[in-house]
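**Q** After the structure tokens below, expect a handful of questions from me.
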Amino acid sequence: MNLNLRNAVIHNVSGNTQDELRDTIVDAIQNGEEKMLPGLGVLFEVIWKNASDQEKNEMLQTLETGLK
């Protein structure tokens, strides 16, 4: 079976409201299941591709601080 993970994740959340997207993200993080990590990665990729340079810098600062 040939499954394109990116397309599947995007298809599953396309059209979701902000509240639904938040619930998806929070649920994936709280469950702590390894199988949810690729989906979160796809969502982060969408965020990154649609972020301005300033927003990217803010995300990188947040990430750097969170990893200290």
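**Q** Based on this model, can you work out whether L21 counts as among the aliphatic types (A, V, I, L, M), free of Cβ contacts under 8 Å to residues at least 24 places away in the same chain and in a helix (DSSP H, G or I)?
**A** On the way: among the aliphatic types (A, V, I, L, M): yes; free of Cβ contacts under 8 Å to residues at least 24 places away in the same chain: yes; in a helix (DSSP H, G or I): yes.
So L21 fits the description; yes.
**Q** Report every pair of residues separated by at least 6 positions or lying on different chains whose Cβ atoms are under 8 Å apart, first residue within region 45-68 and within 20 Å of R6 (Cβ to Cβ), second at pLDDT 95 or above and assigned to a loop (DSSP other than H, G, I, E, B).
**A** Note: pairs meeting the criteria are M59/A51.
**Q** Another one. Would you call T65 assigned to a helix (DSSP H, G or I), loosely packed, with under 12 Cβ neighbours inside 10 Å and of a type in the set (S, T, N, Q)? Steps first, please.
**A** Details: assigned to a helix (DSSP H, G or I): yes; loosely packed, with under 12 Cβ neighbours inside 10 Å: yes; of a type in the set (S, T, N, Q): yes.
In short, yes.
**Q** Take region 36-51 and flag every residue that is of a type outside the set (D, E, K, R) and in a helix (DSSP H, G or I).
**A** Selection gives M36, L37, P38, G39, L40, G41, V42, L43, F44, V46, I47, W48.
The values are calculated or read from the model by the stated rules, or taken from the named source; none is laboratory data. Quick caveat, the model's predicted, so the values are computed rather than measured. Positions of Cβ are generated from backbone atoms using ideal geometry, with glycine treated the same way; all protein chains shown enter the neighbour counts.
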